[in-house]
Amino acid sequence: MSKPFRLGVIGSGQGSNFVAIAEAITAGRIPAEIVLVLSDVETAGILEHARQRQLPARYLPPGKFRTKLEEAAEQSLVAQLEAAQVDLVVLAGFMRVLKGDFLRAFAGRIVNIHPSLLPCFPGLQAWKQALDYGVKVTGCTVHFVDAGIDSGAIIGQQTVPVLDHDTPETLHRRIHQAEHELYPRCVAALAQGDISVHGRLVFWRPKT
Ligand code: GRF
């Protein structure tokens, strides 16, 4: 039997995408196992959800910066993920920019989910950016992580209509729901080896 595909998940927040992925694994929709969950926020919901599922979950003290990890923290992140022998690093609401050593250690094996149809509205509060701009359709994007902000090759996208009476909260809620479908689908495709990458272009193996 082939070795199970090993996921390391990193997040800073409530962890609803983590839960969606964990539930998809339990339901047999993703042929993978979650071998490590890390958070830069000691009280983050993602750690709580992981512990409830008896998965290894650890707090990673981020150091003194607000938007990135201190060098020692980034080294510890790399060391812990390497020790856990992860095949894929899944960013699920991780709110700090990751830099050189981390990106080199897991080149081509880091994915993220962003709450807009990239390349529109990278950065923070993408749902609010979409609402303020007046687009009629937005959504979410799963992409590989590179050195830019939300700029890596796009793996999958799901659309969400913007409704006339949407507030930032109602729109964000519907985008979140779309994320919970899209992210497990993309992680499953990666775990199954159904994704091939040619520069910026990502292809899905046709379903047989
Ligand atoms: C999601 O909206 C995702 O797009 C963004 O961070 C949020 C994480 O939410 N990158 P959750 O912690 O998975 O609920």
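The values are calculated or read from the model by the stated rules, or taken from the named source; none is laboratory data. Because the structure is a prediction, the values reported are computed rather than measured. We place every Cβ from the backbone using ideal geometry, glycine too, and count neighbours over all the protein chains shown. Note: areas computed on protein heavy atoms with side chains; ligands, DNA, RNA excluded. Shrake-Rupley method; radii C 1.70, N 1.55, O 1.52, S 1.80 Å.
Specify which of the listed residues (LEU81, LEU103) is within 25 Å of VAL197 (Cα to Cα), in a helix (DSSP H, G or I), open to solvent by less than 20 Å² (accessible area, probe 1.4 Å) and more than 16 Å from the ligand (Cβ to nearest atom). Let's see the steps before the verdict.
Numbers: LEU103 fails: open to solvent by less than 20 Å² (accessible area, probe 1.4 Å).
Step by step, each of LEU81, LEU103 is checked, and only LEU81 is within 25 Å of VAL197 (Cα to Cα), in a helix (DSSP H, G or I), open to solvent by less than 20 Å² (accessible area, probe 1.4 Å) and more than 16 Å from the ligand (Cβ to nearest atom).
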- Of all residues in the stretch 106-120 being open to solvent by less than 30 Å² (accessible area, probe 1.4 Å) and free of Cβ contacts under 8 Å to residues at least 60 places away in the same chain, the one that is nearest to ARG174 (Cα to Cα): SER116
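In the set LEU182, LEU171, LEU163, LEU190, which member is touching a Gly at 6+ places or on another chain (Cβ under 6 Å) and not polar (S, T, N, Q)?
Residue meeting the stated conditions: LEU182.
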- If you scan the stretch 154-201, which residues turn out to be more than 16 Å from the ligand (Cβ to nearest atom), open to solvent by less than 90 Å² (accessible area, probe 1.4 Å) and within 20 Å of VAL86 (Cβ to Cβ)? ALA188, ALA189, LEU190, ALA191, GLY193, ASP194, ILE195, VAL197
- Message: Going residue by residue through the stretch 14-28, is there one that turns out to be more than 15 Å from the ligand (Cβ to nearest atom), more than 16 Å from LEU91 (Cα to Cα), over 15 Å from the mean Cα position of the chain (by Cα) and buried (at least 18 other Cβ atoms within 10 Å of the Cβ)?
- Response: yes
- Message: Any residue in the stretch 6-28 that is at positive phi and touching a residue at least 12 places away in the same chain (Cβ under 8 Å) sitting within a Cβ distance under 9 Å of a residue that is assigned to a strand (DSSP E or B) and not aliphatic (A, V, I, L, M)? List the pairs, counting only those 6 or more apart or interchain.
- Response: GLY15/SER39
- Message: Suppose the filter is out of contact with any Asp or Glu (no Cβ under 6 Å at 6 or more places or on another chain) and more than 14 Å from the ligand (Cβ to nearest atom); does ARG6 pass it?
- Response: no
- Note on the structure: When restricted to VAL86, VAL90, the only residue among the aliphatic types (A, V, I, L, M), surrounded by 20 or more Cβ atoms within 10 Å (Cβ to Cβ) and within 16 Å of the ligand (Cβ to nearest atom) is VAL90
